Amino acid sequence: MAERIARGISEASNKLMKNSLPSSDYESTVGVYGGKLKTINGELVYDMHSSFIDKIDVWGDRILRQWDDHYVQDFISMAKNHFGKLLGFVFHAEPMRRRGTPEEIAVNVERLGLSEYYGPYKDGIVIKKPEILTKGIAIADIFAANKIGSSKLQAIDRFQALAEETKYIDSVHQQFGPIGDIVGDVMFQNAETIKTTPDSEHPEIEAVKVSNPVLNIPDIILTPSERRTDSLHQQMVEIVKKEKAFKLEMEAENITLKVGEIDIAKGRVKKIIEREQKAIDIVELLISTAFMEIQRSKGTGEPAEIERVIKTILINYKDQEVLKMVRYFVKRGRQILPGDLRRTTNKNRKSGILNKVFSMHNQAHLGADNENSKMVRETILNEFKTAT
């Protein structure tokens, strides 16, 4: 019952809050949230000075995302033994990502090197190249080609598109840092029809290849936990002290760090946080794409094709340190998925019900479902054994 209620709320809110992209050729499955796309004075604008419904979406997004990155394995036990901490989790935990204000999104645009495509606008963001949204091809729409019923989308090789998307995300990570939310947010600006050379055994085949990917409006900003950042900083200061003490053959407690040495500790903390944020980008890419492949097959999905999805991502993403963190996160149980047996057990059914409720954001955001969550997680972990 709780699962059906959670799924109903998730699906209803997703339909209610989403404003679909203005694709000129078909009805896109991708949309923007927290605002509306409007033409104002001849410019396409992501207008965030909008309705009460959009304001609810921004508020609800902030609440639900806190459970994407903060979670409790056993709510009932924690309530019995650490009730104060549980209240802090429910009411005071800050999300590590959230939908930004127009000013914050404009900063995000600069940070991610997207100033050619987007810019600040009063109460919103102006889309400098509207064709990205009107003619661009979203990776999510490529996987949903059968559902949309577009022959243009059906002709695209989804695995080639996925490889290009992953390479693009890898390049953004290397040049600019973590993104924050990439689910459904990569658009291809170009599509080219390629004809294969026929031979005696294979006829000529036309395939459409996409290229020139770019991020959709980067409306999700990164807000790392101040508490954890401070804790990491203290740990790194102690490590730098020990390193200096070793060189000087002194006791660490007798060491005083200079400003430059403290900056070294800060730099290390920044790298750790960014590596974790990049890892969450890839965790969500793996999970969401696996579920897009499942939905493409009307809720089942061929195991070999799901494995191919995972393998395509793992092969085309090159930062091995980030991939190690991805594997750790997936094994540990992130992100929270409905029906994940790590959380929903017969031993504690009440705790399982609560976890189903807290996973409802990812039912909509990642397309996750109760029936396939365990299989998707296990497939990702199995593919790590062979692809990295």
What are the residues whose amide H is under 5 Å from the amide H of Gly119, where those residues sit 5 or more places off or on another chain and H is modelled from the backbone?
Val126, Lys128
With each pseudo-label sitting 7 Å past Cα toward Cβ, what's the Glu305-Glu116 distance in nm, one decimal?
3.4 nm
Amide H contacts of Ala138 (H built 1.01 Å from N, under 5 Å, at least 5 apart or other chain)
Phe188
Using θ = phi - 60° and the Karplus curve 6.51 cos²θ - 1.76 cosθ + 1.60, what whole-Hz ³J(HN,Hα) does each residue of segment 369-377 get, with Gly and Pro shown as x?
9, 5, 6, 10, 4, 4, 5, 4, 4
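None of the figures in this text is laboratory data; all of them are computed from the coordinates on show. Because the structure is a prediction, the values reported are computed rather than measured. No Cβ is skipped: glycine too gets one built from the backbone with ideal geometry, and neighbour counts run over all protein chains shown.
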